[in-house]
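Participant: This is the structure I have questions about; it appears just below.
The values are calculated or read from the model by the stated rules, or taken from the named source; none is laboratory data. In this text, all values refer to a predicted model and were calculated from it rather than measured experimentally. All Cβ positions, glycine included, derive from the backbone under ideal geometry; neighbour counts span all protein chains shown. Heads up: the accessible areas ignore ligands, DNA and RNA and are worked out on the full protein's heavy atoms, side chains in. Shrake-Rupley method; radii C 1.70, N 1.55, O 1.52, S 1.80 Å.
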Amino acid sequence: MTVDAMTTGAGSRSAGYGRVVVIYGGASAEREVSLISGSAILASLKRSGVEALGYDLAQGGLSGLQALAPDRVFIALHGGVGEDGTLQGALSLLEIPFTGSGVLASALGMDKQRTKAVWQNAGLPTPQSLTLDAASDWQGVCETLGLPLIVKPVHEGSTLGITIVESPAALEAAYRDASRFDAAVMAERFVRGPEYTVSLLGDSVLPAIRVEVPSGFYDYEAKYLSNETLYHLPCGLSDEDEAALGTLSRQAFEAIGAEGWGRVDVMRDVEGGFWLLEVNTVPGMTDHSLVPQAAAHAGIDFDTLVLRILDTSLTAPRES
């Protein structure tokens with residue numbers, strides 16, 4: 001069991017949270033990013049005088065968590081059981097309040113295909129996609145979606161296992177690469193144009209960020225490691241277009257039942273149309289992460305942001 005040192009809260013607001021356990025690490029492919037996010041959150045809570053513990057779920061499981069007797073949990077697990085509703089369900093059964101979305105929204109947000117089905121049913125724009133398997137008609141997939149197209153693991157985040165496919169010959173190899181991360185793999189129509197990300201915090205829509213990558217592909221390295229990725233704030237949209245993007249992102253977020261905080265990723269095509277890609281119900285909180293950048297542009301420093309996210313645990317109990 002890995003447990004970091006505890007700091008006793010000082011001040012009425014901090015003391016009101018009780019003992020907060022930040023859950024990070026875990027066993028998903030996003031473990032390393034989660035450890036960084038969780039450590040940043042833990043340090044922030046301690047700076048704010050909150051009684052806080054850090055806990056790696058992979059080291060002691062739920063029994064180890066229960067032994068820490070948390071009054072509430074700050075979820076900083078990315079991917080896997082931390083983001084797919086599994087942990088949220090367990091915490092609900094244990095009657096431990098937690099940050100962010102409940103079971104249903106977490107499960108949907110982690111499943112790109114089902115999220116898209118919900119959006120399509122709600123009349124929200126999202127690129128056409130197909131499910132892939134080893135017996136897929138690679139040529140037929142390319143003819144249906146057009147080239148280039150995107151291949152993605154359905155249940156993985158942090159752009160792991162994602163490939164831009166330029167030819168039918170490359171599609172099968174891209175499928176096999178994605179299947180290393182997830183048994184469910186999808187192909188999606190490629191939207192040519194700038195990428196935007198919109199963070200939501202409670203009832204607020206934070207300023208949109210336009211992501212620019214010199215390589216043209218916002219992959220894992222560009223997202224977490226590269227110093228060449230550019231994050232444009234303000235994003236360059238007109239006030240009217242940014243407001244429309246914010247409204248669309250809020251609609252997408254609420255359509256799957258998400259709550260508390262999160263992030264919606266969107267592409268804009270050459271004709272100016274916005275296309276929804278995915279929802280992140282436990283976004284990154286590293287020094288490269290987008291939610292802290294958007295919050296800072298809105299005048300919310302990191303420590304205040306962390307406390308506002310922690311405040312989302314005060315809405316428990318949830319029914320979903």
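Participant: Say whether the condition of being open to solvent by 20 Å² or more (accessible area, probe 1.4 Å), of a type in the set (S, T, N, Q) and at pLDDT below 95 is met by at least one residue in region 287-307.
Facilitator: Within region 287-307, not a single residue is open to solvent by 20 Å² or more (accessible area, probe 1.4 Å), of a type in the set (S, T, N, Q) and at pLDDT below 95.
Participant: Within region 165-210, track down each residue that is in a helix (DSSP H, G or I), within 22 Å of the chain's Cα centre (by Cα) and hydrophobic (A, V, I, L, M, F, W, C).
Facilitator: 178
Participant: Looking at region 66-87, which of its residues are part of a loop (DSSP other than H, G, I, E, B) and of a type in the set (A, V, I, L, M, F, W, C)? Lay out the reasoning, then the answer.
Facilitator: Taking region 66-87 and keeping what is part of a loop (DSSP other than H, G, I, E, B), we get 68-71, 76-79, 84-85.
If the condition is that a residue be part of a loop (DSSP other than H, G, I, E, B) and of a type in the set (A, V, I, L, M, F, W, C), then 68, 69, 76, 77 are the ones that fit.
Participant: Within region 211-267, track down each residue that is hydroxyl-bearing (Ser, Thr, Tyr), at pLDDT 95 or above and either part of a loop (DSSP other than H, G, I, E, B) or over 24 Å from residue 109 (Cβ atoms) (or both).
Facilitator: Selection gives 238 alone.
Participant: Next up: Among the residues of region 112-160, count how many are open to solvent by less than 50 Å² (accessible area, probe 1.4 Å), free of Cβ contacts under 8 Å to residues at least 60 places away in the same chain and β-branched (Val, Ile, Thr).
Facilitator: Count: 4.
Participant: If I filter region 178-198 down to residues being touching a residue at least 60 places away in the same chain (Cβ under 8 Å) and basic (Lys, Arg), which single residue comes out as nearest to residue 271 (Cα to Cα)?
Facilitator: Among them, the one singled out is 192.
Participant: From 19, 72, 31, grab the single residue that is of a type in the set (D, E, K, R) and touching a helix residue (DSSP H, G or I) at 6+ places or on another chain (Cβ under 6 Å).
Facilitator: 72
Participant: Across region 88-102, what is the total count of residues that are open to solvent by 10 Å² or more (accessible area, probe 1.4 Å), within 23 Å of residue 263 (Cβ to Cβ) and not in a helix (DSSP H, G or I)?
Facilitator: Residues in region 88-102 being open to solvent by 10 Å² or more (accessible area, probe 1.4 Å), within 23 Å of residue 263 (Cβ to Cβ) and not in a helix (DSSP H, G or I): 1 in total.
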